[in-house]
1. As an exercise: evaluate Thr71 against (1) modelled with pLDDT under 85; (2) exposed (fewer than 14 other Cβ atoms within 10 Å of the Cβ); (3) of a type in the set (Ser, Thr, Tyr); (4) not in a loop (DSSP other than H, G, I, E, B) and give the number of the one condition it does not meet.
2. Scanning for something in a loop (DSSP other than H, G, I, E, B), at pLDDT 90 or above and at positive phi, does the stretch 106-120 turn up at least one residue?
3. In the stretch 25-53, what count of residues is obtained for those that are assigned to a strand (DSSP E or B) and either surrounded by 17 or more Cβ atoms within 10 Å (Cβ to Cβ) or of a type in the set (Asp, Glu) (or both)?
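The values are calculated or read from the model by the stated rules, or taken from the named source; none is laboratory data. Just so it is clear, the model here is predicted, and its values are computed rather than measured. Here the Cβ positions follow ideal geometry from the backbone for every residue, glycine too, while neighbour counts run over all protein chains shown.
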Amino acid sequence: MSTIKVDSIQATGETASRGVSGVAAAWVNFNGTGTVAIRDSMNVASLTDVSSGVYKVNFSNNFTTDEYSVTVGSANSSSNNNTGNSLGYGGVYSASQYGIAHFETATETDSATINNSVHGDLA
């Protein structure tokens with residue numbers, strides 16, 4: 001496989017270009033209820049269901065450090081609307097994985113839909 005090196009990219013049909021450093025280095029959309037399962041992803045190898053509402057996301061390709069940015073979104077497990085909150089779960093960040101917890105009314109609760117994107121430098 002070849003490597004293409006660029007400073008910015010522009011998708012076909014777009015008028016604006018963006019810096020390569022602004023493109024997500026990993027993302028995942030997964031089912032967080034019952035048997036946890038990835039629906040679709042990039043640079044995510046697997047998930048670990050730690051406990052109710054708590055998950056670990058394991059990268060396919062590690063980051064250089066644990067100093068990356070994670071953006072998390074979720075849907076409420078009972079009504080599938082956006083009233084749930086997903087927050088980074090402290091102490092689990094490393095170059096190879098990060099943890100998140102989904103809360104509803106201050107209680108860690110499984111969520112039917114969780115989305116994450118990660119920005120940072122890959123190793």
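1. Unmet for Thr71, out of (1) modelled with pLDDT under 85; (2) exposed (fewer than 14 other Cβ atoms within 10 Å of the Cβ); (3) of a type in the set (Ser, Thr, Tyr); (4) not in a loop (DSSP other than H, G, I, E, B): (1).
2. no
3. The number of residues fulfilling the criteria is 9.
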